[in-house]
Structure formats: structure tokens, C-alpha cells
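Below you'll find the structure, written out as C-alpha cells, and then a few comments.
The values are calculated or read from the model by the stated rules, or taken from the named source; none is laboratory data. If you're wondering where the values come from, they're calculated on a predicted model, not measured in any experiment. Virtual Cβ from ideal backbone geometry, glycine too; neighbours counted across all protein chains shown. Please note that ligands, DNA and RNA were not included when accessible areas were found on the heavy atoms of the full protein model with its side chains. Shrake-Rupley method; radii C 1.70, N 1.55, O 1.52, S 1.80 Å.
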Amino acid sequence: MELREVAHEIGAPLRDGEHVVVTGAGTHDAVGNPTLATCTRLRVPSGIVTYEPADLTVRVWAGTPVRELQATLAEAGQEVPLDPRDPTATVGGVIACGLSGVRRLRHGPVRDAVLQVDAIDGQATLFKAGGPTVKNVTGYDVPRLLVGSFGTLAVMLQLILRCRPLPAASAWYRVSSPDLPGNLRTAMLRPAAILWDGRDAWVLAEGNEQDLAAEAEAAELGEPVDAAPPLPDAAHRGRISVDPAQLGALAIRLRAISGLRWLAEVGVGTVHVAADDATTLLAARTGAHECGAWMLREAGGDGCDGFGTALPHLDLARRVKAAFDPRGLLAPGRVPL
Amino acid sequence: MLDHLLADLANAMGPDRARAEPLELALYARDAGVQAGAAAAVCFPRHADDVAAAVAAARRHGVPFVARGSGTGLAGGATPMEEPLVIVTTQMNRVLDIDVASRRAWVEPGVLNLDLSRAVAPYGLHYAPDPSSQQACTIGGNVATNAGGPHCLASGVTAAHVLAVDVVLPDATTARLGGLAPDTPGYDLRGVFVGSEGTMGIATKIAVRLQPNPPTVRTLLLDFTAIDDAAATVSAIIAAGVLPAALEMMDAEITRAVEDFVGAGYPRDADAVLLVELDGLADGVAADVAAVSDLAMAHGARNVRVAADEAERQLLWKGRKSAFGAIARIAPDYYLHDAVVPRTQLVTVLREVYAIADECALTMMNVFHAGDGNLHPLIVFDARVPGVWERVHEAGNRILTACIRAGGVLSGEHGVGLEKRDLMPLLFSPDDLALQGRLVDAFDPDGLANPAKVLPAGSRCGEIGRRPVPEGAWI
């Protein structure tokens, strides 16, 4: 179906003044705040619209599962560095929640991958923002604003994403590291990830195979291991965002919380936390606040709100919201406005 | 009113920090773009507090305001429209903090781009975006335009390198947008501020990412007898999975001009040359050098020259970076365009660009960031020739239209400013522009921050009843 037809169809409840929320694979429903239960659920199509490997760009419907996108790109030796916890997640879901993957240290945040968005605003008006080329400063960078806006500004229909060549080789390494492995960051040129759980550090290196071996030897990483460490998983989960220079201070607090499992992205400042009960997860949030950080609730956490903090510059954020959705119909409550 | 404004500014910033002498105002009447405006007054803050005071004073007197760094912008982004107060940030030029372990720095907006890289060089770090004007342009200006440069192919433009911005918003309050933590709760206001060309406020302090210097760097000069072959090689390199640090193209005219100017050993009889830089770790770079060389030869390159040492590498880059100096020997005036097309459209669009130059009887040279499809058609001319401006104007419009038709955009790194605001409808529908208008209104409901920029007249609420761009405004 054509974009305009889809926009018209999906926009019908908005034209009728209904509250709406987009549902993709449902893998991010518990991230952030819940929206009104009475919202009309919208579904956005799935599928790759155009893909030109030599342009390093791909245009997809927002409802496309990440796994399906990566499979197509891999045939041409490319990828988009989206690494959702659950690969059945849709492209639109990952981008709406702004959840960057664990390879952010090398590949940058998810917001850097979005070039153009075709979407409808809260008045059901179809608009385009950004542009199809890998470099573009024509007009305001609305796509960046939509990343992490949890569907409260627009219903994203199609996205043009920046692709990257797949690395020639990649390898995970694991070393014992009771202390923060800050030295690993400088021992290597551009590691893709340095993950640390307070006992061990895992390093992901990407690039030329001989270079990987040479860097691993120089950094005393030993032999590659089979797999990445699993992200901590439990009924109650969150994602702490801390100034990476404060990670050591945060780790002291997290270590003191009994029953908390955590994995930190060294050099980035994202810390994935999980616990079997909500109280423990809330203790992690308290520890984060003590370090000037904040925690996004990703799952469970009964009685704990999604963000745990007021939005900065709330008046401005509200005016931005009103510019896109003056009637407040898009995912009401999902972001604490 | 002007006297009161000046008195308020002097009171807040100290005597002689704000002036309105005719000679000085003339100096700030334009940036490096084509069109001049007119300023009501100019002031020189030393601190963020001064900037907030200047904005507050301007508001009090109903005067618009525009921030200005070195004035190197080519799209008229810092050109004063509607007789604003010009707030010059060049005296806020301190590198405030360098955090080597976390690879970031806090800088004031008036720090020069190259000075930042020099300041962090002792730590083996650099600041990646490197616009051609990097010796003169400021980080604040780079943030405003979301500036690029040859080395943005692999590392991304300014937006990917700004962690946080302390700003004075158009209502004269201050805010930190973004932060040092990887994500901030709520909307990415930092992301939309970068590239907003001074219409959403003024940056007073910026946290930037720094990159480690790669241990191995190789620079190649590929020599072609047909520009189509050079363009096809660009696509082939990207399609082969090689992502160079930089991938620049120069056509026959500019290659000759540069060679005559700097003597870098560029082939004077080439139809096009590609300058390719590959960096990283030793083995990967060696493999990429071999791959690029093979692809170039397979696509008809006459010769592949790999710089043997750092001196030769610097010489090759000197050729590329001297392009604008070199053309001064050919004609007294030039007009530099900036547009982006999908890489796969390079050959088609270049042909069209040359055809347009022929039809308009103009000399056109092309020196550009081929790796990301960022064209910089350069029209050289003598402005004293009667009627030449009309032809330059026509050629420019036709080139941009051709780029949009090929699936491209109006600007890759210079910005929209004044130059291209009225061309925005080529790319965006009225609904698209209305949304962008509402967005900037959310930051600046009174339309006082750098008026008449980015969006075409009629896109915003705040501008109702305001003066349009004067007659003779040139795209």
C-alpha cells in the first residue's frame, strides 16, 4: 500500500478524536510509563520498501521486525546497528523508545541511525522530516526528536535508516575484572562494547581479523569466548543512564544492593539492571539518583513509575508536544508531561 | 530605543561591550554568504551571563537577536535580518575542561574548531568534524549549522559529537540540553537544537565527544581519465564494505587549478581525482588500501598513488584544502553550492550539473565529499560582467532542483539560513513546513531568535506582519 493510503487509514481514530497508541511486537510495552488502557491500538505495516546497498540506506515500514531487517541487510553484507534485547521487536518500537544497543560504544546511539521519518502527527496529518541522504542539514532535525519520544509526538510510518558494512570479523573476550575496567577503553582503538558486571569484563572487538588478534594480545584479553554475556533478565528490569565518569561511584552503590543483577556499558554509561522484586529495582533507582543518574523502567517494577524523575525543561517539552499533538491524543501518559 | 538598548547592554556587560558605530555595524552586516543585512547593534559577551543579559535586553526593547561566531557560514545564517542585536561569541573562546579518560571536552562557543583539536592533540585525541573553514570557524557556529567536513563520512557530522549544550533560550532563561549521561529522560531537545541555526537559542557552553587518533592512516590519490569512472569507483568502494575516513572528489578544472597553485603532484591531465583516506589498525588499513586500489583499477583508474609518508599525505591534503585559494587565480568571484544526492546518483547528477553550466555559459568546478554524495558545485565568475549574476542565480537554482529530483536534499553541511529558505518547498510539503514552524515556535513563540531564517516566509506564527526578505535576496 502507498504511504498516503496507510496514513489515511491509520489516522482515522485520530480524526475521530480518539486516544491512540502504536503497537508493534509488544516487546516494549512495559518500557517507560503505561499509556491509557482505553487507547485505540494502531498497527503499522511491516516490510522493506527500498534498499540500495551502495547508498548505505534502507527504507522500511516502522512495523518491520528488526530480525527481518537485519536478515535482508546481511545478504548485502550490511546492518543497521539496532540491537534490541528481543530481536522480534519492530524497528519503530526500538526507535520510539530510543533504546540503543550494547555496541553503542563503537556504533553510536540509535538516534544517529535515523535519516528520515514519514509519520502522522496528532492531527492525523502526514509529514516527512529529515531526508533520504546520509548527510543532510536541510531544516530542523525532527527525526532525532522522535527517537525516544515513545510515540507521544507522532506515529512513525516509514523510516530511512543509515546502514553500515558488517565487520569483517568480530570476537568477544572475557577477563576477570573486580575493578572498573576503564583501562580497556584506552588499550584498544574502537572496541564495540566493554561490558562489566563487577566481577568480569566482556569486550567485543570488530574489524580485521589480524587486527583483532593483535589488539587482544596487546590488551591481554586472552582467547575469544563463544558468546556475549546475557543482559540481566528478571521480572523487574531497568536501564540506568549515568555519566560514564560516575560509573565507578554507581557500581559501589549497586554492589551493595542484595539480589540486584547488573551489567554496565563501560565508556557509554548505560547500566542494565534486573531484580526478582520491585523493591530491589527501586533501590537501584535510588542509587542511580545519588549519582546524578536516572533509571528508565523496562519491565515490572510495580508501583514504580517509568522514569522516576520529572522531565527536564518541562514547559519547553510540553510546548514541543503541543506542536505535534495539540489535543494530547498520542500515547497519553507514556511520557510524564 | 537604540540608546536604551545600548545603555542596558553596557550596564549588564560593562562599558564598551555593546556598540552601534556605523563602521562596526557594516562589518557585521553579513557572514560569508552572499546577502547582506543590517544590524541595530553589536555586543561582545564574555560569559553565559552576558549572553542571557543581552537576550533579555533585546527582548525588553522588542529587538530580535542573532548569535554570530566567526561569520564563516555560507548560507547567511548569521546575516542580521530585521535589524537585530548581533551577539558575537568570539570572546567566549576558552576550552574549559578536557576529560581525557572519558574522551570529551567542555568548550565555550567561540573556540575555533582547529584550536579544539590542537588543544586535545597532546592526549592523542581529536575533534572529528572538520569543515574546510576549520581554522576560522567556531564550535558554536558548527553546532548552529550542524557542520560537516571531509572526515564526517565515517564519524558523522556535528550532531553525533555534541553531548550537551548549555543554552540561553529565546525567553532569556538558561537550560542544559542533553547531558553527559548517554540518554536524558524525555525528548532529545539537544538533538533538535543542533543545526537549528540560532533560531532556538544561543549555545554558551558545549560538551563534545573526542576521538582517539588512529594509529595507522593511509591516503591515496586515484587518477581517472573519465569522471564517470571516478564516480562509479566511489559507489564500488562503499558497496564493497569499505568505509573510508574521507572520500573526496575533484574534477579536471579544479585539479589543474590546485596543482598550479600548490604543486602537490596532482595529475594536470586527469578528468577527475579521488582522494581516499583509510584509517584504523594496521592490518585492516592494509587490506582496505589493497581493496580500494583494486577497485579503482577495475573501474578504469590510470594510477593509484599511496602517500609514502606523513609529509606526502599532508601535501595531498593541502591540495584538497587549497581549492578555494586556487580558484582565486582563475576568476575574482565564486559561488559555492552545497547539496547532497544519493551516492548511486552521482554520475547522473554530475552530468546534469556540467550541462547546466554549459547552458548558462558559466565555468563550473566540482570539489566535494563524494563518499557521502555531498556535492559542492563551484561557479567561478567575474561579477563585473553585466548579467552574470542572473546566470549564476539561474544555474544555482537549476542545480539544486536537479539534486532534489535525483532524491537529494538542499544542504549537506552549510545549512539553509537565508540562502535556501525559499527553496525549502522543493523538498518539503506545506504540512512538513508547518510542523517545523510549530516546532521552532515552541522554542521561540515571539520569533525574535534569528528571524527570517531556515523556513520560508509564512511558516511561523510569530512572523505575522513582519517584513519579508528584501527584494533582490539571492536564493
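Couple of notes before you dig in:
- Residue-normalised accessible area of the protein assembly as shown, given per residue in Å² at a 1.4 Å probe: 35
- Stokes-Einstein D (µm²/s) once Rh is taken as the Kirkwood radius of the protein assembly as shown over alpha-carbon pairs, at 20 °C in 1.002 mPa s: 79
- Carbon/sulfur fraction of accessible area - the protein assembly as shown, other protein chains in place, 1.4 Å, %: 51
- Dimensions in Å of chain B - Rg and Dmax from alpha carbons: 22.5, 70
- Shown for the stretch B:105-212 is the translational diffusion coefficient from the Stokes-Einstein equation, using the Kirkwood radius over Cα pairs, a temperature of 10 °C and a viscosity of 1.306 mPa s: 115 µm²/s.
- Extension gain for B:VAL217-B:HIS61 works out to 50.7 nm (0.36 nm per residue, less the C-alpha to C-alpha distance).
- Nearest-ten-degree value, helix B:346-359 long axis tilted from longest Cα axis of chain B: 80
- For the stretch A:118-137, a reduction of at least 50 Å² in accessible area between the chain on its own and the assembled protein chains (probe 1.4 Å) is found at A:LYS128, A:THR133, A:LYS135, A:VAL137.
- Partners for A:LYS128 among lysines (Cα-Cα distance below 19 Å; same-chain residues under 8 apart left out): A:LYS321, B:LYS420
- Counting only DSSP beta bridges with both residues in the protein assembly as shown, the antiparallel share comes to about 90 percent.
- The stretch B:1-72 and the stretch B:184-205: distance between their alpha carbon centers, rounded to Å: 22
- For B:LYS420, the shell of other residues with beta-carbons less than 12 Å away shows a net charge of -2, using +1 for Lys and Arg and -1 for Asp and Glu.
- Based on Cα atoms of the stretch B:331-405, Rg over Rh with Rh as the Kirkwood radius reads 0.97.
- Interface burial in the stretch B:278-315 reaches 50 Å² or more for B:LEU281, B:ASP283, comparing the full protein assembly with the chain by itself; accessible area from heavy atoms with a 1.4 Å probe.
- Dipole of chain B [Lys/Arg +1, Asp/Glu -1 at C-beta], most positive-end residue of B:VAL273, B:GLY140, B:THR401: B:GLY140
- Taking the C-alpha atoms only, the angle from helix B:48-60 to the longest principal axis of chain B is near 60 degrees.
- Once C-alpha pairs closer than 8 Å and six or more residues apart are averaged by separation and normalised to the residue number of chain A, the relative contact order reads 19 percent.
- Helix B:252-262 vs. chain B, principal-axis angle (Cα, 0 to 90°, nearest 10): 80
- DSSP-defined beta bridges in the stretch B:17-113 - what % are antiparallel, rounded to 5: 45
- Paramagnetic label reach from A:THR40 (point 7 Å along Cα→Cβ; backbone nitrogen cut-off under 16 Å): within the stretch A:123-150, residues A:123-126.
- Cα centroids of the stretch B:355-384 and the stretch A:37-62: 37 Å apart.
- Placing pseudo-labels 7 Å out from each Cα toward the beta carbon at A:THR88 and B:HIS393 gives an inter-label distance of 6.1 nm.
- The protection proxy used here, the mean number of other Cβ atoms lying within 10 Å of each residue, ranks peptides B:131-141, B:169-179 as follows, highest first: B:131-141, B:169-179.
- Mean ellipticity per residue at 222 nm, deg cm²/dmol - from DSSP H runs of n ≥ 4 across chain B, formula -39500 (n - 2.57): -10000 deg cm²/dmol
- The distance separating the Cα centre of the stretch A:316-331 from that of the stretch B:303-345 comes to 46 Å.
- Counted over the stretch B:216-325 with a bin width of 10 Å, the fraction of Cα pairs per bin, in whole percents, is 16, 51, 30, 3.
- Paramagnetic label zone (point 7 Å from Cα along Cα-to-C-beta, A:ALA228; backbone N under 17 Å) in the stretch A:236-278: A:238-240, A:262-274
- Relative contact order (%) - criterion: Cα under 8 Å, at least six apart; region: the stretch A:1-126: 25
- Mean silhouette area of the stretch B:57-151, derived from the convex hull of its C-alpha atoms and averaged over all directions, reads 6.9 nm².
- By the compact-protein rule of thumb, 2.2 N^0.38 Å, the alpha-carbon radius of gyration of the stretch B:2-88 corresponds to a ratio of 0.99.
- 1.4 Å probe, heavy atoms, protein only - residues of the stretch B:431-445 losing at least 20 Å² accessible area vs chain alone: B:ASP431, B:ASP432, B:LEU435, B:GLN436, B:ARG438, B:LEU439, B:ALA442, B:PHE443
- Given charges at beta-carbon only (K, R positive; D, E negative), |dipole| of the protein assembly as shown in Debye: 1280
- Interface between chains B and A: roughly 6100 Å² of accessible area buried, both sides summed (probe 1.4 Å, protein heavy atoms only).
- Whole-number percent relative contact order across chain B, with pairs defined as alpha carbons under 8 Å at least 6 apart: 14
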